[in-house]
Amino acid sequence: MSSQEEILSDGRFSCITRDPRFWEMPEKQRKIKIDKRFRAMFHDKKFKLKYTVDKRGRPVNYTSTEDLRKFYALSESDSDLSENDSKEHTEKKIKKKKAKSKREADS
């Protein structure tokens, strides 16, 4: 730890503590937010792989779903917005169809 303090006190590296490029990413921003449409990937068999060895040949005992949970998080607010957008889109389509049918009936 003292070597790290020496590095930070060195004038050549003093800008590292103030530069946001070298800051750690906050816990809340680490995971990618996905909406409810993709929640099946956490429990679907198609996305689940059981690893027996890691990339260096050492035996391990975990599945790919643990990795998915580590990197992805479900976002509730985005799903609400997307549902509202889809409802509005379908309502617009219905209104257009009704308007077309009225025009055809009048003709």
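The values are calculated or read from the model by the stated rules, or taken from the named source; none is laboratory data. All values reported here derive from a predicted model rather than from experimental measurement. As a convention, Cβ positions derive from the backbone with ideal geometry for all residues, glycine included, and neighbour counts pool all protein chains shown. Please note that ligands, DNA and RNA were not included when accessible areas were found on the heavy atoms of the full protein model with its side chains. Shrake-Rupley method; radii C 1.70, N 1.55, O 1.52, S 1.80 Å.
Within the range 20-32, the set of residues being open to solvent by 90 Å² or more (accessible area, probe 1.4 Å) and farther than 20 Å from Glu76 by Cα comprises Arg21, Phe22, Trp23, Glu24, Met25. Can you name every residue in the range 33-42 that is part of a strand (DSSP E or B) and open to solvent by less than 100 Å² (accessible area, probe 1.4 Å)? Listed by number, the list holds a single entry, Ile34.
There is no residue in the range 8-16 that is part of a loop (DSSP other than H, G, I, E, B), under 28 Å from Ser75 (Cβ atoms) and not β-branched (Val, Ile, Thr). Looking only at the range 83-91, decide whether some residue is at pLDDT 65 or above and not aliphatic (A, V, I, L, M). Within the range 83-91, one or more residues are at pLDDT 65 or above and not aliphatic (A, V, I, L, M). Could you look through the range 43-65, keep only residues that are hydroxyl-bearing (Ser, Thr, Tyr) and open to solvent by less than 50 Å² (accessible area, probe 1.4 Å), and pick out the one that is farthest from Gln29 (Cα to Cα)? My answer is Thr63.
Inclusion of Leu68 among residues that are at pLDDT 85 or above, open to solvent by less than 100 Å² (accessible area, probe 1.4 Å) and either among the polar types (S, T, N, Q) or assigned to a helix (DSSP H, G or I) (or both) is warranted.
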